[in-house]
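Read-outs: derived from the displayed coordinates by stated rules, not from any lab. Because the structure is predicted, anything quoted here is derived from the model rather than measured. Using ideal geometry, Cβ is built from the backbone for each residue, glycine included, and neighbour counts are taken over all protein chains shown.
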Amino acid sequence: MVVDEADQEGTDMIVNMGLLKKIQRDRAGTDHPLKIVYTTATFDKDKHKKFNPDAGEVEVPGRTFEVDKRFIDAPLLISDDPAEDAEIKQRIFDGIRKDEKGGISLHDMPIVAARVANEVLKYRKDGGDPVVILPGRAEIDTAVREFYNINPEQEYAILMGGQKDADAFEKMHHEEGRRIVFFASEVVEASVTIDKATDVIDGGVSRKPYFDSKTGL
């Protein structure tokens, strides 16, 4: 039994791991022992060693990449010229209202993300594909409308993990010299690899299911 993404310790994963361990114990010493392999790119080995003290471990080294993080409330450094960078930021926030803490509303966040992607395309001409990560379909649709309004000639694709996005999966491995803007949900963080992605514009917000004990929903 191979359990992938074992670091995602939601209720399903915890229950499954407990049931698998019980089945493994029940089968111990029989003709059909259960062997379990847990795999993940980000593993807390010490925690899993406590749960499975007799388990062995295999480490497969991966590639690492230098990542430069930039935040919307600081100089973006899209342009090498500070004055020009300030103008870029002014265009991005044109008509966008911030709250008392300087935050952007969920309603405006997709618009800002689309504008950042457009500026990245213009000023980082040696870059590859910008990837815009947003919480869900509604925010992606808003961002796509804004992006199309300001740059209707630019090719883009939507990645939500559904069948309707089959053409987007084909575009992930395109030829050199072509640039595509990908608007995606969190599926892009763990499930797909965009070959030529160089810039990620992350809204910093995710949509998660939860149970409200007061309402029972």
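A few points about this structure:
- Residue with peak Gaussian network fluctuation, the chain [Cα springs, cutoff 10 Å], from Asp31, Asp141, Asp81: Asp31
- The chain: angle of helix 82-92 to the longest principal axis, Cα-based, in degrees nearest 10: 80 degrees
- Highest-MSF residue in the chain out of Gly62, Gly136, Gly102 [GNM, Cα springs under 10 Å]: Gly62
- Partner lysines for Lys196 [C-alpha distance under 16 Å; skip if fewer than 8 residues away on the same chain]: Lys125, Lys171
- Calculated FRET efficiency for the pair Asp202/Val37, C-beta based, R₀ 45 Å, to 0.05: 0.90
- Calculated P(r) of the chain - Cα pairs past 27 Å, %: 49 percent
- Cα-Cα over 18 Å, subset of Lys21/Lys50; Lys101/Lys122; Lys69/Lys89; Lys98/Lys208; Lys21/Lys49; Lys45/Lys69: Lys101/Lys122; Lys98/Lys208; Lys45/Lys69
- The calculated FRET efficiency for Lys69 paired with Glu5, based on their beta-carbon distance and R0 = 25 Å, is about 0.55.
- Amide proton proximity set for Ile201, modelled H, under 5 Å, gap of 5+: Val131, Val132, Ile133
- The percentage of C-alpha pairs in region 1-88 whose separation is greater than 22 Å is 51%.
- Sites matching trypsin sites (Lys or Arg not before Pro) across region 16-100 that sit in DSSP coil, with at most 11 neighbouring C-beta atoms within 10 Å: Lys35, Arg63, Lys69, Arg97
- The chain: most fluctuating residue of Arg145, Arg179, Arg207 per GNM, C-alpha cutoff 10 Å: Arg207
- Computed from Cα positions, the angle between helix 109-123 and the longest principal axis of the chain comes to roughly 70 degrees.
- C-alpha center-to-center spacing [region 117-157, region 71-95] in angstrom: 17 Å
- Put simply, the convex hull of the Cα atoms in region 53-153 casts, on average, a shadow of 11.0 nm².
- Per-selection Kirkwood Rh - region 101-215 (Cα, Å, 1 d.p.): 14.7 Å
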